[in-house]
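See below for the structure under consideration.
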Amino acid sequence: MAALVIVVVLVLFLLATGVRVVQQYERGVVFRLGRVRGQVREPGVTLLVPVVDRMRKVNVQVVTMPVPAQEGITRDNVSVSVDAVLYFRVADPIRATVDVQNYHFAMLQVAQTSLRSIIGKSELDDLLSGRENLHQGLEVMLESPATGWGVHIDRVEIKDVSLPDSMKRSMARQAEADRERRARIITADGEFQAAAKLAEAATTMEQTPAAMQLRLLQTVVEVAAEKNSTLVLPFPVELLRFFEAAADRAAAPVVPVRAEDRTQDRPPAGTA
C-alpha cells in the first residue's frame, strides 16, 4: 500500500512538472529530445512530456532597440556622428530560436553596419532634411537578414545627427548670408515697386495740375497734426518767377526823353 502511494505521488509530481503557462505576449517553442516540435504553443496552459520535452519561451512584443552613434563620412566629405532607434518583433519564434543564437545581438550588429553604410551613401543635406528616404533605405537593408531570423522590422528612424563645431559655424554663416541676401532682394523689390508707383503718380499729376496742389494741401494737413513740428510751406514756382520778373523791371534804369525826340517822333500835320 505504501509503495502504491509513493508511485501515485511520483506520477503526480511528474505531471505537475510537465504543466507550463505561456503568457499572452509569449510563444512556446517545444524541443522533444532535441528536435523542435512543428507546432508553437499558444498562450495559456500547455502540457509537456516530463523529462522528454523542454520548452523555450519567446517574447513577441515589439522591442525598442537604440542603435549607438556611428561615426562616418558622408558622400560630400563631411564627418558626422549618427544614432538611430530600431523597432522590431519576432514573427517566427522557431526561426528566432533555432536559426540565430541571439537575435537581439544580431539585430544590433546589423543595424550598426547598415547605419554606417547609409551614412557613406548619403549627403549631409539628406541626413538633416531628407530623412524619410533614409528611413526606408535602412528598413530595406535590415529586412533581408531579419526575415531569415524570423524577425519583422516595424520601423527604423535616425534619431540625431551630430556635426563638428567648424561645420556648425559654417552652416550658421551660410544661413546668415542667405537671410541677408533675401532681405536685400526684398528691399530692392520694394524700392522698385515704389519707384514705379511714384512714376505713375507723377504722370497722372502732370496731366492734372490741380492734383499737385491737392496733394500739397493733404501733406500740410498730415504734418500739421503733429504739435511739435515746424511747418514750412513752399511757394509755387510760377509765383516766384513772377516776383523775379517784377523785381527786374523795377531795377531797370529810366532813360529821360528830350523834347526834340518827342518832336521827331510826332508825325507832321496833315499826314494821315
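Cβ contacts < 8 Å: first residue closer than 18 Å to residue 216 by Cβ, restricted to segment 192-206; second residue assigned to a helix (DSSP H, G or I), any location; separation 6+ or different chain. Result?
Going by the 8 Å Cβ cut-off, the qualifying pairs are 204/211; 205/211; 205/212; 205/215.
Matching residues to (1) among the basic types (Lys, Arg); (2) surrounded by fewer than 16 Cβ atoms within 10 Å (Cβ to Cβ):
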{"site": "27", "(1), (2)": "yes, no"}
{"site": "36", "(1), (2)": "no, yes"}
{"site": "45", "(1), (2)": "no, yes"}
{"site": "50", "(1), (2)": "no, yes"}
{"site": "67", "(1), (2)": "no, no"}
{"site": "87", "(1), (2)": "no, yes"}
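In segment 76-87, is there at least one residue being in contact (Cβ under 8 Å) with a residue 40 or more places away in the chain, closer than 25 Å to residue 156 by Cβ, of a type in the set (D, E, K, R) and in contact with a His (Cβ under 7 Å, 6 or more places away or on another chain)? Explain how you work it out, then say what you get.
The initial filter retains those residues of segment 76-87 that are in contact (Cβ under 8 Å) with a residue 40 or more places away in the chain, namely 76, 78-87.
If we keep only those that are closer than 25 Å to residue 156 by Cβ too, we end up with 76, 78-87.
So of that shortlist, the ones also of a type in the set (D, E, K, R) come out as 76, 83.
Applying the additional criterion that residues be in contact with a His (Cβ under 7 Å, 6 or more places away or on another chain) yields none.
No, that holds for no residue.
Yes or no, residue by residue, for (1) touching a residue at least 40 places away in the same chain (Cβ under 8 Å); (2) aromatic (Phe, Trp, Tyr); (3) outside any strand (DSSP E or B):
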site: 27; (1), (2), (3): yes, no, no
site: 31; (1), (2), (3): no, yes, no
site: 38; (1), (2), (3): no, no, yes
site: 46; (1), (2), (3): no, no, no
site: 50; (1), (2), (3): no, no, yes
site: 56; (1), (2), (3): yes, no, no
site: 66; (1), (2), (3): yes, no, no
site: 69; (1), (2), (3): yes, no, no
site: 72; (1), (2), (3): yes, no, no
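Inside segment 97-152, counting only helices (runs of 4 or more DSSP H) that do not spill past its ends, which hold 1 or more residues that are aromatic (Phe, Trp, Tyr) and under 20 Å from residue 29 (Cβ atoms)? Working first, answer last.
Details: elements: 103-121, 124-128, 131-148.
Output list reads 103-121.
Quick test for you: out of 80, 90, pick the one residue that is modelled with pLDDT of 90 or more and not small (Gly, Ala, Ser).
On the way: 80 fails: modelled with pLDDT of 90 or more.
After applying the criteria, what remains is 90.
Could you list, in sequence order, all residues of segment 66-110 that are aliphatic (A, V, I, L, M) and under 26 Å from the mean Cα position of the chain (by Cα)?
Going through segment 66-110, the residues aliphatic (A, V, I, L, M) turn out to be 67, 69, 73, 78, 80, 82, 84-86, 90-91, 94, 96, 98, 100, 106-108, 110.
67, 69, 73, 78, 80, 82, 84, 85, 86, listed by residue number.
The values are calculated or read from the model by the stated rules, or taken from the named source; none is laboratory data. Keep in mind it's a predicted model, so treat the numbers as computed, not measured. For neighbour counting, all protein chains shown are included, and Cβ atoms are generated from backbone atoms with ideal geometry for every residue, glycine included.
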